[in-house]
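Read through the structure below, which is laid out as structure tokens, and then see the notes.
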Amino acid sequence: MYKKILFGTCLTEYCDHIFNYTLNLAKDNEASLWIYYGLGRLNLNQEQVTQAIKNAEAQVADAYVERIRTKGLVDYKINVSDGDVASEMTKLARNAGMDVIVMGTSTQAPISIGEDINVGPLGPVVSETILWAPCPVLVIPPSLIPGLAQG
């Protein structure tokens, strides 16, 4: 049973489906849902970094908060940071005592309808997160994404 779930997002349509899975997982487990969005390494001054984080927090809230509230979840947090995404996400997971990290296979849908079904390796952020994570990492396969299932 999970009490703290960390969802790593890239704010793409592909991640939107993974969020729905994560939201149901959090609701079913009566868990605290943490959403992490990494900006990567920014070559900006501190004031610009602060503004970029604030803007990204608003984007994350716009993308997910209404659905969280509609689902009846009240215990959620949004975390945005700059820096290496996998490193920052695993640090957050460690410091907050996460029970599981939920992610997709990469920042883009690995296969589109009609394309080759031979999917390459996981994206670099997912691969690094799996290696550095202080807790299990649940990677949602493309077959669970509507429109990408084969067969």
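The values are calculated or read from the model by the stated rules, or taken from the named source; none is laboratory data. Note that the structure is predicted; figures quoted are calculated from it, not measured. FYI the Cβ positions are ideal-geometry reconstructions off the backbone, even for glycines, and counts take in every protein chain you see.
Does at least one position in the stretch 123-142 carry a residue that is closer than 17 Å to N24 by Cβ and either assigned to a loop (DSSP other than H, G, I, E, B) or at pLDDT 95 or above (or both)?
Scanning the stretch 123-142 turns up at least one residue that is closer than 17 Å to N24 by Cβ and either assigned to a loop (DSSP other than H, G, I, E, B) or at pLDDT 95 or above (or both).
Checking E57 against (1) touching a residue at least 24 places away in the same chain (Cβ under 8 Å); (2) under 15 Å from the mean Cα position of the chain (by Cα): exactly one of these is not met. Which one?
Only one criterion is unmet by E57, namely (1).
Is there a residue being over 21 Å from T129 (Cα atoms), part of a helix (DSSP H, G or I) and either within 13 Å of the chain's Cα centre (by Cα) or not hydrophobic (A, V, I, L, M, F, W, C) (or both) anywhere in the stretch 71-85?
yes
Scan the stretch 15-54 for residues that are farther than 25 Å from R94 by Cα and within 16 Å of the chain's Cα centre (by Cα) and jot them down.
The answer is H17, and nothing else.
Checking the conditions here, which among K91, K3, K54 is basic (K, R) and either modelled with pLDDT under 95 or in contact with a Ser or Thr (Cβ under 7 Å, 6 or more places away or on another chain) (or both)?
Within the list K91, K3, K54, the selection yields K3.
What's the total number of residues in the stretch 18-60 that are buried (at least 18 other Cβ atoms within 10 Å of the Cβ) and either among the acidic types (D, E) or assigned to a loop (DSSP other than H, G, I, E, B) (or both)?
Residues that pass the stated criteria total 1.
Could you tell me which residue of the stretch 20-42 is farthest from Q59 (Cα to Cα), considering only residues that are of a type outside the set (S, T, Y) and touching a Phe, Trp or Tyr at 6+ places or on another chain (Cβ under 6 Å)?
N29
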